[in-house]
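J.: Dropping a structure here in structure tokens format, bear with me for questions.
The values are calculated or read from the model by the stated rules, or taken from the named source; none is laboratory data. The shown structure was predicted, so the numbers you read here are calculated from the model rather than taken from an experiment. As a convention, Cβ positions derive from the backbone with ideal geometry for all residues, glycine included, and neighbour counts pool all protein chains shown.
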Amino acid sequence: MKKNKLKKQLVITLLALLSSSLVFAQGAGAAGAATPASNETYNSLLANGLIFFAGLTMLGAVLALFHLLSMMIKVQQIKIYQEQGVEAYLEKVEKTNQEPWWKRQYKAWTNVVPVEKEDSVMLDHNYDGIRELDNSLPPWWVAMFYITIFLGVVFLAYYHVLGGPSQSDEYNAEMKVAEQAKAAFAATQANNIDEDNLEASADAKDLSIGQTIFSTNCVACHGAKGEGGVGPNLTDEFWIHGGGITNVFKTVKNGVPEKGMIAWSAQLKPADILKVSSYILTLQGTNPPNGKAPQGTKYIAEGEEAPADTTAVN
């Protein structure tokens, strides 16, 4: 009776700890709007309480497990006493005590009676024709049960004692990986550019890259500041092959072979052609010294009214 009473008290205590932890969690959530410092304190206390409760649960599970195994061994010995007599019982007890503990535990875990011999472990209990077997659990099931207990202890030790990453740390790491994947995808999409989806870039970084490309590949014909040379002046309002981002992009991409300008699509990616085209448009109206005379036709953007004379001197 005392043992049963003690067990009941232990169960009630564990349930009280669990309920108090849940109530405390609700209280911490309600008080979280007070101040960040108090919220952090509540969360810390809650985490420590849950760890303490988890440790008690683990300890109780391990103690119950060893108690169950010892009871299984005693039940086997009692069966021998009832079926084979005192001498066989004493012999079994002595032999069991001489065996290493791990061997005794292994026998208790794997002492499963095969199907053809289940009659020997059939109990007298009968519930509407359903009989009860006094057989051990399958070894694979027992092994999985022990493995989960072991993994639970490892999990508790790694994440709550040894400083393993918290859920927030794992979330931030996953978000960082996602941002990198997003950036990589955007980089691949940057080259899916054609004349149908163009928009001049105003980003300082893109324009800086465009200036570098221009300085490397275009100054020989158009001058260092776009003032013109072999090629036309790029700083005025007149264009031989059309102005605006779409026409400039087409000209750089396809070139003008009959006038000696190569098609840069063989050497530059579409994203780079867009950057250098955007940079060329920023040269409009800069009026550098020694500018070449205007050539071509004044570019009129859509929606603008054309002046009387739009033809430059060639």
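J.: What are the pairs, 6+ residues apart or on separate chains, where a residue within segment 165-193 that is part of a loop (DSSP other than H, G, I, E, B) has its Cβ under 6 Å from a residue that is surrounded by 10 or more Cβ atoms within 10 Å (Cβ to Cβ) and modelled with pLDDT of 90 or more?
T.: Short answer, once both residue conditions are applied: Ile193/Leu274.
J.: Among Thr251, Thr310, which is the only one that is at pLDDT below 90 and either surrounded by fewer than 14 Cβ atoms within 10 Å (Cβ to Cβ) or closer than 23 Å to Thr216 by Cβ (or both)?
T.: Working: Thr251 fails: at pLDDT below 90.
Going through Thr251, Thr310 in turn, the sole match is Thr310.
J.: While we're looking at this one, here's another question. Out of all the residues in segment 121-149, which are of a type in the set (Gly, Ala, Ser) and either outside the structural domain of Ala61 (by TED's automatic domain parsing) or modelled with pLDDT under 75 (or both)?
T.: Initial filter on segment 121-149 (of a type in the set (Gly, Ala, Ser)): 129, 136, 143.
Within segment 121-149, Ser136 is the sole residue that qualifies.
J.: Right, next: Name the pairs whose Cβ atoms lie under 8 Å apart, with the first residue in segment 239-255 and farther than 18 Å from Lys275 by Cβ and touching a residue at least 24 places away in the same chain (Cβ under 8 Å), the second in a helix (DSSP H, G or I) and of a type in the set (S, T, N, Q), and 6 or more positions between them or separate chains?
T.: Filtered contacts from segment 239-255: Trp239/Asn247; His241/Asn247; His241/Thr251; Gly242/Thr251.
J.: How many of the residues in segment 218-236 are part of a helix (DSSP H, G or I) and either out of contact with any Leu (no Cβ under 8 Å at 6 or more places or on another chain) or more than 12 Å from Ile280 (Cβ to Cβ) (or both)? Walk me through how you get there before you give the answer.
T.: Within segment 218-236, the subset part of a helix (DSSP H, G or I) is 219-222.
Those still in the list that are either out of contact with any Leu (no Cβ under 8 Å at 6 or more places or on another chain) or more than 12 Å from Ile280 (Cβ to Cβ) (or both) too: 219-221.
Residues flagged as part of a helix (DSSP H, G or I) and either out of contact with any Leu (no Cβ under 8 Å at 6 or more places or on another chain) or more than 12 Å from Ile280 (Cβ to Cβ) (or both) within segment 218-236 amount to 3.
J.: Given the structure, is Ala204 farther than 21 Å from Gly243 by Cβ, of a type outside the set (Ser, Thr, Tyr), over 13 Å from the mean Cα position of the chain (by Cα) and modelled with pLDDT of 90 or more?
T.: Working: farther than 21 Å from Gly243 by Cβ: yes; of a type outside the set (Ser, Thr, Tyr): yes; over 13 Å from the mean Cα position of the chain (by Cα): yes; modelled with pLDDT of 90 or more: yes.
The answer is yes for Ala204.
J.: Based on what the data block shows, is Gly152 in the same structural domain as Leu63 (by TED's automatic domain parsing), within 24 Å of Leu56 (Cα to Cα) and surrounded by fewer than 10 Cβ atoms within 10 Å (Cβ to Cβ)? Working first, answer last.
T.: Working: in the same structural domain as Leu63 (by TED's automatic domain parsing): yes; within 24 Å of Leu56 (Cα to Cα): yes; surrounded by fewer than 10 Cβ atoms within 10 Å (Cβ to Cβ): no.
In short, no.
J.: Take Ser277 and decide whether it is at pLDDT 90 or above, assigned by TED's automatic domain parsing to the domain that holds Asp236 and among the polar types (S, T, N, Q). Don't jump to the end; show me each part of the working.
T.: Working: at pLDDT 90 or above: yes; assigned by TED's automatic domain parsing to the domain that holds Asp236: yes; among the polar types (S, T, N, Q): yes.
Taking the combined requirement at face value, the residue satisfies it.
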